[in-house]
Amino acid sequence: MPSQVQLQEMLQQLLCAKIDKQLQILLHHSQHDHVYILRRYRGFAYISLDGVTSPMYLLWHGEEEIQLEDGSRLLFSKTMGQGISLNKLGNQTLSIQFRAGGERIKPYANRPSKPLKKWMQETNMPPWFRERLPMVFVDRQLVLAPSLGVQAEWQAQADEMGLTVEWQTQ
């Protein structure tokens, strides 16, 4: 736990740093050797785990929750008319991977696809979240990016059961 003097210094830096400054303040090392960083992005303060971007490839086997190495987790639930169409998914396997770059997503049937990077920028996703966003694939096709949407062709219709995926960060 930081001392009162350290907390005051952090607050001073958060409030007084130039708006365009990529502010990063080292907070502490946990017992698991993870580094926590205090950051500011678009007027908000964030505490994030830093240094966890090793490649990830996980398979989903029907669990309700998958714990990721950075402490975040994916929550899976079946919901009528939302998420990935279970009819379309059938017996295919879902894989979970971090963003590699170059992915595209089309969450609206009546709009063209866009680079995932563009969607992340438009939704004001902080840059350090972008590199560790866990994405859901079937084979090599991106079908869902948590917080951004499901590919239009994979979306559950109003009258069918879907699989929703929620990414909970610390």
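The values are calculated or read from the model by the stated rules, or taken from the named source; none is laboratory data. Bear in mind the structure is a predicted one, so any value in this text is a computation, not a measurement. Note: ideal-geometry Cβ built from the backbone for every residue, glycine included; neighbour counts use all protein chains shown. We work out accessible area using only protein heavy atoms, side chains counted, and drop any ligands, DNA or RNA first. Shrake-Rupley method; radii C 1.70, N 1.55, O 1.52, S 1.80 Å.
Which cross-chain or sequence-distant (5 or more) residues have an amide H under 5 Å from the amide H of L68, H modelled 1.01 Å from N in plane?
Distant-sequence amide H within range of L68: R73, L74.
Would you grab the residues whose amide H sits under 5 Å from the one on S147? Only those 5+ places off in sequence or on another chain, please, with H modelled 1.01 Å from N.
W167
In Å², and per residue, what accessible area does the range 62-170 have when probed at 1.4 Å with the other protein chains present?
52
Could you name the aspartates and glutamates whose alpha carbon sits less than 19 Å from that of K118, not counting residues in the same chain fewer than 8 places away?
Reachable aspartates and glutamates: E103, E131.
Given a 1.4 Å probe and heavy atoms of the protein chains only, how would you sort R111, R73, R132, R42, largest accessible area at the top?
Accessible-area ranking of R111, R73, R132, R42, largest first: R42, R111, R73, R132.
Suppose each label sits 7 Å from its Cα in the direction of the beta carbon; what would the M56-L75 distance come out to in nanometres?
1.7
For the range 51-170, which whole-number percentage of the solvent-accessible area (1.4 Å probe, protein heavy atoms only) is attributable to carbon and sulfur atoms?
Of the solvent-accessible surface of the range 51-170, carbon and sulfur hold 46 percent.
Taking amide H atoms as placed 1.01 Å from N in the peptide plane, list the residues 5 or more away in sequence, or in a different chain, whose amide H sits under 5 Å from that of Q82.
G162
Loop only by DSSP, 12 or fewer other Cβ within 10 Å of the Cβ. Give me the chymotrypsin sites (Phe, Trp or Tyr not before Pro) in the range 74-170 that pass, ordered by residue number.
Y108
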